[in-house]
Amino acid sequence: MNIRNSRKFFGGLFLIVIVVIGGCFFIKTHWINKEEQTYSCYIKGEEYYSKEELDAAIRGYQKSIILSPEFYQGYYMIGRCYFKKGEYEEAISYLKKTLEIKPDYSDAHYLIAVVYAKRKLPQVDLAREHYDIAVHLGYAPPKIFTRYLENLEEFYQGD
């Protein structure tokens with residue numbers, strides 16, 4: 001190989017190495033920034049949630065799931081916000097999405113059980129199903145809700 005060809009070879013090789021390293025750096029930086037942005041929006045939602053500013057909290061959580069659509073915690077917290085607002089259908093929608101992403105999330109199973117039980121026309125069977133899953137996954141529900149669910153079951157069995 002003559003000097004001219006070796007310069008082209010090593011120059012091309014050098015260019016390939018730079019492109020690969022630069023691409024990896026860009027991907028890593030972009031991913032880290034996206035992850036940081038996701039958590040930043042989530043934390044902002046948490047700040048509003050702790051102050052009972054539920055609409056602002058929902059906006060923060062929504063930004064987190066727009067950045068990372070598989071970020072189940074964002075969906076869960078939006079479900080909690082809608083539950084606190086008494087908007088049970090919206091809560092159920094977001095809690096179902098949480099469980100699509102993370103089926104073994106006991107907190108979501110418990111909360112969706114509570115929502116099903118607290119609707120104007122309770123869906124006792126679905127409440128019991130999610131309650132049992134939550135308990136099976138290790139969630140320790142408050143005894144008052146356990147009694148409430150049992151009372152609902154007794155009441156609706158009498159129909």
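The values are calculated or read from the model by the stated rules, or taken from the named source; none is laboratory data. Predicted model, so just to flag it, every value in this text is computed and none were measured. So basically every Cβ, Gly included, is an ideal-geometry build from the backbone, and we count neighbours across all protein chains shown. When the accessible area is computed, the model is the full protein with side chains, heavy atoms only, and any ligands, DNA or RNA have been set aside. Shrake-Rupley method; radii C 1.70, N 1.55, O 1.52, S 1.80 Å.
In region 86-102, which residues are among the small types (G, A, S) and either in contact with a Ser or Thr (Cβ under 9 Å, 6 or more places away or on another chain) or open to solvent by 20 Å² or more (accessible area, probe 1.4 Å) (or both)?
G86, S93
Give region 91-125 a look and list any residue that's of a type outside the set (S, T, N, Q) and without any contact (Cβ under 8 Å) to a residue 12 or more places away in the chain, or say none.
We begin by selecting, within region 91-125, every residue of a type outside the set (S, T, N, Q); these are 91-92, 94-97, 99-105, 107-122, 124-125.
Hits for region 91-125 are E100, P103, K120, L121, D125.
Can you say whether S50 is farther than 23 Å from R119 by Cβ and either in contact with a Pro (Cβ under 8 Å, 6 or more places away or on another chain) or open to solvent by 80 Å² or more (accessible area, probe 1.4 Å) (or both), as far as the supplied structure shows?
On the way: farther than 23 Å from R119 by Cβ: yes; either in contact with a Pro (Cβ under 8 Å, 6 or more places away or on another chain) or open to solvent by 80 Å² or more (accessible area, probe 1.4 Å) (or both): yes.
Yes, satisfied.
If I ask for residues that are aliphatic (A, V, I, L, M) and within 12 Å of the chain's Cα centre (by Cα), which ones from region 68-96 would you list? Show your work before the answer.
Going residue by residue through region 68-96, those that are aliphatic (A, V, I, L, M) are 77-78, 91-92, 95.
Those that are aliphatic (A, V, I, L, M) and within 12 Å of the chain's Cα centre (by Cα): M77, I78, L95.
Working only within region 136-149, note down all residues that are without any contact (Cβ under 8 Å) to a residue 24 or more places away in the chain and over 25 Å from K85 (Cα atoms).
H136
Only residues that are open to solvent by 60 Å² or more (accessible area, probe 1.4 Å) and either at pLDDT 95 or above or within 19 Å of R80 (Cα to Cα) (or both): list them for region 103-124, please. Explain how you work it out, then say what you get.
Filtering region 103-124 for residues open to solvent by 60 Å² or more (accessible area, probe 1.4 Å) gives 103-104, 118, 120-121, 123.
Across region 103-124, the qualifying residues are P103, D104, K118, K120, Q123.
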